[in-house]
Structure formats: C-alpha cells, structure tokens
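What follows is a set of notes on a single structure, which appears directly below.
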Amino acid sequence: MNLSAAKKGWCEGALFCLGVVCWLGAAEASEFVSDGRTQWLHLSSTTGDLPAADVGRQVAALVADLDKDGVNDFIIASYEKMVWFRRGKEGWTRYPVENGSPQVRMEAGGDCWDIDGDGDLDVLMGAQSKEGEIWWWENPHPHFAAEKPWTRHKVISVGGTHHDQIFGDFDGDGKPELVFWYNAGMQLFLARVPQDPKKPWPFWEIAKLSAGKQKPEGLAKADIDGDGKLDIVGGGYWFKHIEGNRFQAHPIDDEYRFSRSAVGQIVVGGRPEVLIGSGDAAGPLNLYQWDGKSWQKRTLIDRVVHGHTLQLGDIDGDGNLDIYTAEMHTPGAGDRCRQWILYGDGKGGFDIRVLSTGIGSHESKLGDLDGDGRIDILQKDFQKDRRVDVWLNRGPARK
C-alpha cells in the first residue's frame with residue numbers, strides 16, 4: 001500500500017496508522033474522540049482492536065521499545081503473569097514474559113533497562129510477598145517465541161512487598177542504580193547492578209521515613225537542585241545524593257506519602273515542579289513549586305478517587321508539559337471514574353479536560369505507541385473489566 005492510499009483509507013475509517021505504515025480496519029471497530037483540544041483514535045481490547053492481556057488482575061504497565069524496531073511496545077502484568085504487546089505491521093501481538101510460578105507474585109511498579117548491557121531493554125518487577133523479592137526478565141532479542149516466556153532472575157530479597165522501582169544514575173558515577181521502596185518498613189533502598197547481573201545485587205537502605213504516618217509509595221526522577229545529578233522523588237519527599245551510598249531526605253509534603261509522584265519543568269524557569277496524586281485512596285492532585293525557601297502547594301483537582309495514574313508529557317506538542325491523571329473503577333469511583341488531561345501553558349495555568357468517564361485506569365502510561373512523534377495513552381484498568389485501551393493522538397481537535 002502506498003502512502004497516499006493509506007492516507008485515503010485512514011480518512012475513510014482506518015483502524016490505525018503507525019508512522020508511514022498504515023493498515024485498514026472496520027470503521028466501527030474504532031472510535032474518534034475529542035477532548036476539545038486533541039483528537040484521539042480510541043482502540044480497545046473490548047472491541048477486538050487489540051488482544052486482551054488475559055493475565056488476571058492487571059497490576060502494572062510499562063511502555064518501552066522491546067524489539068528495537070524504533071516504535072514503543074508495552075507490558076501488562078498481573079500478580080502472577082506478564083505479557084508483552086509487540087507492535088507490528090498488523091497491530092499488536094501478545095507474547096508471554098512470565099507465565100506464572102508459585103515463586104512469583106508481582107506488585108505494581110517495575111521499570112525497563114538494559115540490565116545485562118547487550119543492547120536491548122530488559123524488564124524488572126518487585127514482589128508482593130513477605131520475602132521482598134525483586135526479579136528481572138532477560139530480553140531474548142532477536143529470538144522471540146510466541147509461547148516461550150523470558151528467563152527470570154531473582155537478584156534481591158529484602159523486607160516485604162515492594163510497590164514501585166526506578167532505574168537511574170542517582171550518584172553521578174555514569175552507571176545505573178535501582179531504587180525501590182519497602183513500603184511497610186518506610187524504607188527506601190538503592191541497589192547497584194553487578195558485573196554479572198544474574199548474581200545477587202548489593203543494596204543499601206538510603207532513607208527511612210518516620211513511623212506513624214502513611215506508608216510511602218510512588219517514584220520519579222529529576223535533577224531537583226540543579227547540581228547535575230538525578231534526584232529521587234517519592235513518598236512526599238525528594239532525596240539528594242551526598243556521597244557513596246548516602247542520601248539526604250528533603251520533605252515536600254510529609255502528609256501525602258501514600259501517593260503517586262511525577263516531576264518535570266511544568267513552569268518554565270527555576271526548579272522542576274513536583275506533582276503528587278492520590279494513588280490508592282481519595283485525595284487531591286497537588287502541584288508543588290519551589291519559591292526559593294520552601295515548596296508551595298497548589299491544588300489542581302480537589303478530589304481524585306484512587307488516582308493510581310499520574311504522568312507528564314507534552315501531549316499537544318506546544319512545548320509545555322501537560323498532566324495526565326485518571327481514576328480507578330474498582331476500587332475507586334465506579335462508573336464515574338474519569339480520565340483527565342491538564343494542558344499546561346508553561347506558566348502554571350492549565351486547561352483541564354476530561355477524556356473519558358467510566359473506563360477504569362490503574363498505572364496507565366503515556367508514550368508514543370505508533371511512531372508518529374505524538375504522545376499517546378496506554379490505559380488499563382485493574383480488575384473491573386481487565387481491559388486494555390490505546391488512545392492514539394491524532395493532533396489538534398477539529399474546530
């Protein structure tokens with residue numbers, strides 16, 4: 001199919017278009033939706049536009065280019081299983097990563113990184129367990145098999161359940177570290193990837209929050225203080241590297257620990273701003289801006305019910321960061337659950353739009369899912385319908 005024919009087909013009801021590679025589908029299988037600012041092509045596993053994850057309760061999601069074709073794929077994980085949605089010329093194909101084992105029970109969070117240094121991205125997840133395991137799955141690129149899961153390596157066992165993990169060079173040594181919470185213990189840990197990453201990873205406690213308050217969740221990263229090193233953000237705090245394995249905890253909002261976090265240059269100039277949202281509870285979406293002496297809080301949405309989705313990205317392509325947040329269905333707001341985009345103006349102002357109501361979101365993510373340079377949405381719910389939805393960004397809404 002040539003490009004002009006593909007464009008014509010898209011206008012007549014194509015299922016989806018990935019960059020310059022397009023394919024046609026039934027018009028009724030997809031739906032164009034506008035939030036008043038952006039036009040979206042909505043695809044769903046409930047209508048057969050993409051496969052169902054079929055893993056059970058969907059606890060985690062990741063967006064990454066796992067087959068190195070230049071276009072992002074995505075991961076959906078449950079407590080027991082994990083699948084990879086590989087983007088190809090005919091849509092998405094479901095591949096197993098973890099088929100389930102009595103020794104594996106995953107928790108929300110996870111991250112992708114080239115852990116073994118072979119040039120492709122691997123997948124890491126933490127446990128919901130008393131043993132506190134952390135595993136990584138070795139990407140078999142280029143030998144992918146539709147029925148063969150990836151090789152799993154257990155590299156850490158400490159504390160108990162680990163909700164949230166993140167990779168980054170947090171000490172400025174040019175090598176990646178893994179940061180993760182032991183939530184019930186109020187402890188933040190840092191692990192270093194050894195030369196042989198299949199062997200146990202050394203790890204250290206780098207912060208322990210005071211008892212008697214919410215257990216901490218959420219992790220994000222940015223250079224908060226402008227010293228050239230990535231800092232860690234989560235649990236109502238930011239954590240600065242001092243030396244070696246020493247970090248210093250700085251409060252942002254110590255009363256809002258049990259939450260999701262995002263960080264970025266939302267307002268042009270000064271320190272990056274921090275967002276904290278409600279996570280596994282009901283609460284406000286707050287923006288925190290540094291005034292030179294302290295973090296000033298501003299509430300953007302008064303009440304988000306189980307807002308276990310919080311991401312930043314330039315969705316409308318105007319050069320300013322926008323905020324994506326959404327509510328869970330069950331537990332959560334039920335049929336009233338909303339999916340918001342807060343379009344930023346770079347000065348602290350937001351045009352708040354509701355993209356959908358009634359579709360639950362849990363750990364939904366932003367990312368370019370079709371290779372056209374625009375930021376799309378991967379939406380998944382937790383347990384109500386166990387559905388997967390993709391919202392492909394089609395640019396400015398038609399006036």
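Once the other residues with Cβ under 14 Å from the Cβ of E147 are scored (Lys, Arg +1; Asp, Glu -1), what is the net sum?
+2
Please give the FRET efficiency for R246 paired with H141, using the beta carbon to beta carbon distance and R0 = 35 Å, rounded to the nearest 0.05.
That pair, R246 with H141, gives E of 0.40.
Work out, step by step, the length gained on full extension between D372 and E205: first 0.36 nm times the residue separation, then minus their alpha carbon distance; give nm to one decimal.
My answer for the length gained is 56.0 nm.
Within region 141-222, list the chymotrypsin sites (Phe, Trp or Tyr not before Pro) lying in a DSSP loop whose Cβ has at most 16 other Cβ atoms in a 10 Å radius.
Loop-located and lightly packed - F144.
So, R0 is 25 Å and r is the distance between the beta-carbons of D114 and Q265; what FRET efficiency does that work out to, to 0.05?
Approximately 0.40, to the nearest 0.05.
List the aspartates and glutamates whose Cα lies under 12 Å from the Cα of K154, skipping any in the same chain that are fewer than 8 positions away.
E131, E133, E138
Working out 0.36 nm times the residue gap between K130 and D345, then minus their Cα-Cα distance, what length gain in nm do you get to one decimal?
Extra length available between K130 and D345 comes to 72.9 nm.
Give me a comma-separated list of calculated 3J(HN,Hα) values for region 57-62, in order, Karplus coefficients 6.51, -1.76, 1.60 applied at θ = phi - 60°, integers in Hz, x for any Gly or Pro.
Along region 57-62, the couplings run 5, 8, 9, 8, 8, 9 Hz.
Starting from region 259-332, pick out the trypsin sites (Lys or Arg not before Pro) whose DSSP state is loop and whose Cβ has at most 12 other Cβ atoms within 10 Å.
Of the trypsin sites (Lys or Arg not before Pro), the ones in loops of region 259-332 whose Cβ has at most 12 other Cβ atoms within 10 Å are K293.
Mind listing which trypsin sites (Lys or Arg not before Pro) in region 180-244 are in a DSSP loop and have 16 or fewer other Cβ atoms within 10 Å?
Answer in residue order: K198, K213, K229.
Suppose R0 equals 41 Å. What FRET efficiency, 1/(1 + (r/R0)^6) with r the Cβ-Cβ distance, do D291 and V33 give to the nearest 0.05?
Efficiency computed from Cβ-Cβ geometry: 0.60.
Most mobile of D67, D49, D196 per a Gaussian network model of the chain (Cα springs, under 10 Å)?
Of D67, D49, D196, the most mobile in the Gaussian network model is D196.
I want to verify a result. In a Gaussian network model of the chain, Cα cutoff 10 Å, which of these has the top mean-square fluctuation: Q128, Q195, Q289?
Looking only at Q128, Q195, Q289, the biggest GNM fluctuation is shown by Q195.
Distance cut-off 32 Å, Cα to Cα: go down the list K148/K365; K240/K384; K130/K384 and report the pairs above it.
K240/K384, as the Cα separations exceed 32 Å there.
Given 0.36 nm per residue, what is the gain on full extension from A282 to D314 after removing their alpha carbon distance, in nm?
Extending this stretch completely gives an extra 8.9 nm.
Read the figures in this text as sums done on the coordinates, not as results from a lab. Just so you know, these numbers come straight off a predicted model, no measurement behind them. Heads up, the Cβs are rebuilt from the backbone with ideal geometry, glycines too, and the neighbour counts pull from every protein chain shown.
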